[in-house]
1. Just give me the residues in segment B:120-137 being exposed (fewer than 10 other Cβ atoms within 10 Å of the Cβ) and among the basic types (Lys, Arg), in sequence order.
2. In segment A:3-27, what count of residues is obtained for those that are open to solvent by 30 Å² or more (accessible area, probe 1.4 Å) and within 14 Å of ligand 2 (Cβ to nearest atom)?
3. Output the residue which, of all residues in segment A:241-256 that are open to solvent by 100 Å² or more (accessible area, probe 1.4 Å) and without any contact (Cβ under 8 Å) to a residue 24 or more places away in the chain, is farthest from A:Ser279 (Cα to Cα).
4. What is the one condition in (1) away from ligand 1 (no atom under 12 Å from the Cβ); (2) free of Cβ contacts under 8 Å to residues at least 24 places away in the same chain; (3) within 20 Å of the chain's Cα centre (by Cα) that A:Gly31 does not satisfy?
5. Look at B:Arg256 and say whether it is buried (at least 18 other Cβ atoms within 10 Å of the Cβ), of a type in the set (Lys, Arg) and assigned by TED's automatic domain parsing to the domain that holds B:Gly163.
6. What is the number of the single condition among (1) open to solvent by 80 Å² or more (accessible area, probe 1.4 Å); (2) modelled with pLDDT of 85 or more that A:Glu238 does not meet?
7. Do the conditions hold for B:Leu118, that is, is it at pLDDT 85 or above, assigned by TED's automatic domain parsing to the domain that holds B:Gln86 and under 19 Å from B:Asp48 (Cα atoms)?
8. Could you count how many residues in segment B:177-198 are open to solvent by less than 10 Å² (accessible area, probe 1.4 Å), within 13 Å of chain A (Cβ to nearest Cβ) and assigned to a helix (DSSP H, G or I)?
Amino acid sequence: MADAAIHCRGLKKYFSDVKAVDGLDLRVEPGECFGLLGPNGAGKTTTIEILEGLQPPDGGDVEVLGRRWKGDERELRERIGISLQETQFTDKLTVFETLTLFRSFYREGHDPDELLRRLTLEEKRDARVGKLSGGQKQRLAVACALIGMPDILFLDEPTTGLDPQSRLQLWQVVTEFRANGGTVLLTTHYMDEAERLCDRIAIVDHGKVIALGTPKELIAKLEAPNIIEFTSEPALPEETFANLCEGYHGCAKRADGWQLRVDSLAEAVPRLIAVVEKSGAKLRTLSTHAATLEDLFVAMTGRELRDA
Amino acid sequence: MPEPAIIELTKARMREFIREPEAVFWVFAFPMVLTLALGFAFRSKPPDRIPVAVVAGPHAAEQMAALAKSPALLPRVMDEAAAAAQLRTGKVSMLIGGGAEPLYRFDATRPDARTARLEVDDALQRAAGRQDLIKAREERVSEQGSRYIDFLVPGLLGMNLMGTGMWGVGFSIVNARMKKLLKRLIATPMRKTEYLLAQFFSRLIFLVFEVVFLIAFAWIVFNVRVHGSFVTFGVITLIGGFAFSGIGLLVASRARTIEAVSGMMNLVMVPMWIGSGVFFSYERFPDAAKPFIRALPLTALNDALRGVMNDGSGWAQVWMPVAILVAWGGISFALALKLFKWQ
Ligand SMILES: Nc1ncnc2c1ncn2[C@@H]1O[C@H](COP(=O)(O)OP(=O)(O)OP(=O)(O)O)[C@@H](O)[C@H]1O
Ligand SMILES: [Mg+2]
């Protein structure tokens, strides 16, 4: 098999008592779009920055494009593009000047104007960076990541804080980059983003990969295609629905109610209503949806992926 | 084809600077305002006449006539009580009373009072018929090159080169580190030394304008001239700019906040404002302190600039302070490269 685009084994990074990354293995194939999904503080940024050669790991081994950061740094920097979680550029420079500056660091690269067109920033070409909106700044950050025609694109939360239209545009840019053979590693809090963009996803929590696979495979791990969420007055104990019906796969506590994983809604919903009624409680809300990655995360950790 | 990175980095730094109006004011306008204010405050003018009081009495008119002939005195007649009150509050430097045999009352610890006594006595004795036994001639000096403003301008220039050198480099670097811009830059194939050199280059380019402006201004307004070679003078300012940029880089090599870097900058600069002879000659400091004072970079720069500007010195006379500057710059730059934190 050819070299992996990114390959790391037993990655560790400790900050005094915080185990930010705690024995993490990843293998990203060339041409793949790989997503790191996880809640705040899971260690996504730390992991991606170690892979980008911006932080040294405390333990473990990193290879990017078959090379190591020690010794091959300059060559690797020519071939990867990075968008940090929170990059700010010099406020006093214009968008075009910023991009031209970044272009000058690379042996070969895109024409800044062409890239601005692709990211629909051409209207802002001569605007000062300090005057851009959050979404425009984010697009500029991605433009700076793309300017050197990288083989691998690292995007740390590229769409956080963007409006839906800007998100779609960014997804489009990522898709185009991949169409030309590029490899992408991105982090996100958004399920839909991960499901739409990524070939494979690693769910990270407490510095470890807790689930890995294609979005379909991961959702299949839930073993339950449907989710029921409900709240009642008063709240009910877990035993109430222990033997709810055939095809009941378990439950998880949500902020003010329960989430149940079931095979068939037609079977489970009437039973649930009956059980609640029998216990003497009142049903306040009830909703159902097809299972997502978010539900997998909740099922595996008992916590939400995003802070509510 | 894009320009080489070092040129783009220098251009970026220069744009960042000129788009900051406050920075432009402090670098260009402020030194001129300071020169103007101090130049006028200390401009050479004929000494003021010293006010003296003549106590009213039968001889007052005759004494007034005699004293009025002296160009150094401003005599006035008043009664005894008023004269005593004015002497006490320092409105007059001396009181003349006593009639035919005058009585001089004055505070001998005050230089103006001692001068007044000599001038008054001379005027009264002359009026009474005293003859000069020897004829002395006078030659007044107010030569360009020896006035206070001539001393001041190179000092201000040195101080300005220190301030802009250190701030110009230090501030932008700490700002870029705070915003994680440095981290973003090292995530590219950019060469780190090119980034630091670009800071130097942009600084030196602005330095040329800064020096030319201030020197032209001082020349036009106060007729302050560079007596030595302009080339030597120019090279010394560049070496000064290099030395202080190096020190600025060192100070900023690890600071994470603007507050931290400001504090350290002041810690480095304030002693030199005081010690390095910007406004007043450091010759008044104790002899034991002088070797240390001369080893300070601002003292070295001021000495070299004054040497070339006021005394017309060449390299043979100023090599020592210039060597001190080169050492400060070189050592600071080398240390800064070692200590520099990019994140
Ligand atoms: N420089 C640092 N010093 C100390 N602790 C750190 C440092 N960087 C990260 N951490 C800690 O390591 C853990 C992982 O942080 P990291 O930024 O990698 O999380 P993340 O998954 O990117 O979170 P988010 O989704 O909020 O961006 C956190 O608990 C964080 O507080
Ligand atoms: Mg993060």
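1. B:Lys135, B:Arg137
2. Adding up the residues that qualify gives 2.
3. Here the residue is A:Glu246.
4. Tallying (1) away from ligand 1 (no atom under 12 Å from the Cβ); (2) free of Cβ contacts under 8 Å to residues at least 24 places away in the same chain; (3) within 20 Å of the chain's Cα centre (by Cα), A:Gly31 fails exactly one: (2).
5. On the way: buried (at least 18 other Cβ atoms within 10 Å of the Cβ): no; of a type in the set (Lys, Arg): yes; assigned by TED's automatic domain parsing to the domain that holds B:Gly163: yes.
No.
6. (2) is the only condition that A:Glu238 fails.
7. Numbers: at pLDDT 85 or above: yes; assigned by TED's automatic domain parsing to the domain that holds B:Gln86: yes; under 19 Å from B:Asp48 (Cα atoms): yes.
Yes.
8. Step one: filter segment B:177-198 for residues open to solvent by less than 10 Å² (accessible area, probe 1.4 Å), giving B:182, B:184-185, B:187-189, B:196, B:198.
Okay, now just the ones that are also within 13 Å of chain A (Cβ to nearest Cβ), so B:182, B:184-185, B:187-189, B:198.
From what's left, assigned to a helix (DSSP H, G or I): B:182, B:184-185, B:198.
Here the count works out to 4.
The values are calculated or read from the model by the stated rules, or taken from the named source; none is laboratory data. Every value quoted in this text rests on a predicted model; they were computed, and no experiment measured them. As a convention, Cβ positions derive from the backbone with ideal geometry for all residues, glycine included, and neighbour counts pool all protein chains shown. Surface accessibility is based on the protein's heavy atoms, side chains included, excluding ligands, DNA and RNA. Shrake-Rupley method; radii C 1.70, N 1.55, O 1.52, S 1.80 Å.
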